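What follows is a short report on a single structure.
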Amino acid sequence: MYVTNQQDNTLSVIDAATYKVVATVPAGVAPEGLAVTEDGRRVYIANSGSARVSVLDTANNKIVKTVKVGKSPTGVGLRPDGKSLYVTNGGSNTVSLIDTRTNRVTATIPVGKSPVSVAFSPDGGTAYVANSGSGNLSVIDTATRRVTRKLAAGHSPVGVAITPDGKSAYVADELAARVLVVGTRSGKATAVPVGEGPFDTAIGPAGRFAYSAVLGPGNVSVIDIGNHSVVGTISLGPPGTDPFNLEVTNNAIYVTNQGAGTLTVIDPHAHKVVATVSLGAGPYGVAVG
C-alpha cells in the first residue's frame, strides 16, 4: 500500500499483510492523489505544490521521473486499460493525460473550475471529473478526449466513484454535507445526507455498498446502493481525525486520516476497524498495488 503524506512531502510504503511501514520516500512538494499501475511496477503521485507528477519505481522505491502538468495537480486516475493517466489540475482547470508507456503528456483537456478527482466508467470509455468550483462533473469521451457533457453535482463536488454497471456516479458534495447519486445518463440526482464534510467516495467490492469519508464526525458512511440510504457508520476517531480519502479492495477499505496522521483499515464485510497505521504528517491519498 502507498500513502501520500501531504504535509511532509513523503510517501509511506506499507506492507499490506502486516500493516507495517516498510519505507518512507521523498515524493515531491505537497503530494496528494496517487495511482498504482496494474502490474504494480509504478506509482504515479500528483504533487500539488510543484505542478509535477512523480513516477516511483516500486522495485527500489525511488522516483525515476517527474512529469510537468498543470497547476496544483490533485487527483489522478488510471484508465482501466492502463495506457493513460488522467491528472486533475485544480489551479489550471484542466486534466492532463499522461501516456504511461512514455511518461509524457499527450493531451490537456479544459474542464470545470477547480477539478479535484476523476473516475472512469467500467469500460474506460468515459471519464468523470469532479469540479469543486463549478458544482458539476465534466464527462469526457476518452476516445476523442473531449468533454461531451456537464452533469450538475451540487455545491462542491470533490470525490467521485462510478458503480459497476456504470449507471450512477456517487459524488461527495463537501459543502452540503451529502453524497449525491447522479444518473450518468439522465443527470438526475438523489441526495444522501451523511454529515459535515464528505470528501471522498468509493464503491464496495460487490457493488452493494458505497462508502464516504466524512471529515466532521470522523467516520465512514455506509450507503446501500439499492435504496440510496445510509445503513451504517464506521467511527474512525473523534472530531479532528479528519478521514479524507478511500481505497476499497476485495479484502479491505483503507481510509487516510489527515488530522490523526493515520491510515485506518476496515473489514469490508463486517464493517469493523481491524488496524490503524501511524504515518507521516497529513496523509492524503491511498492506493494499493
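The values are calculated or read from the model by the stated rules, or taken from the named source; none is laboratory data. No experiment lies behind these values; they were computed from the predicted model shown. Cβ: placed from backbone, ideal geometry, glycine included. Neighbour counts: every protein chain shown. Side chains are part of the model used for accessible areas, which takes the heavy atoms of the whole protein and leaves out ligands, DNA and RNA. Shrake-Rupley method; radii C 1.70, N 1.55, O 1.52, S 1.80 Å.
Within region 123-144, the set of residues being over 20 Å from ASP173 (Cβ atoms) and either among the acidic types (Asp, Glu) or buried (at least 16 other Cβ atoms within 10 Å of the Cβ) (or both) comprises ASP123, GLY124, THR126, ILE140, ASP141, THR142. ALA152: more than 26 Å from TYR284 (Cβ to Cβ), in contact with a helix residue (DSSP H, G or I) (Cβ under 9 Å, 6 or more places away or on another chain) and in contact (Cβ under 8 Å) with a residue 12 or more places away in the chain, yes or no? Spelling it out, it is not the case that ALA152 is more than 26 Å from TYR284 (Cβ to Cβ), in contact with a helix residue (DSSP H, G or I) (Cβ under 9 Å, 6 or more places away or on another chain) and in contact (Cβ under 8 Å) with a residue 12 or more places away in the chain.
Quick check: is even one residue across region 105-122 in contact (Cβ under 8 Å) with a residue 12 or more places away in the chain, assigned to a loop (DSSP other than H, G, I, E, B) and more than 24 Å from ASP173 (Cα to Cα)? Scanning region 105-122 turns up no residue that is in contact (Cβ under 8 Å) with a residue 12 or more places away in the chain, assigned to a loop (DSSP other than H, G, I, E, B) and more than 24 Å from ASP173 (Cα to Cα). Screening region 21-74 for strands (runs of 3 or more DSSP E) wholly inside it with 3 or more residues that are open to solvent by less than 20 Å² (accessible area, probe 1.4 Å) and not aromatic (Phe, Trp, Tyr) returns the ranges 31-36, 42-47, 52-57.
Of the candidates GLY166, GLY207, GLY154, the single residue that is open to solvent by 10 Å² or more (accessible area, probe 1.4 Å), modelled with pLDDT under 95, touching an Asp or Glu at 6+ places or on another chain (Cβ under 8 Å) and more than 17 Å from VAL3 (Cβ to Cβ) is GLY207. For region 261-282, filtering for residues that are loosely packed, with under 14 Cβ neighbours inside 10 Å, of a type in the set (Gly, Ala, Ser) and not in a strand (DSSP E or B) leaves 2. Residues in region 242-260 that are open to solvent by 10 Å² or more (accessible area, probe 1.4 Å) and either at positive phi or not in a strand (DSSP E or B) (or both): ASP242, THR249, ASN250, ASN251, GLN258, GLY259, ALA260. Please tell me if ALA176 is in contact (Cβ under 8 Å) with a residue 24 or more places away in the chain, more than 18 Å from the chain's Cα centre (by Cα) and over 23 Å from ASN5 (Cβ atoms). No: the conditions fail for ALA176.
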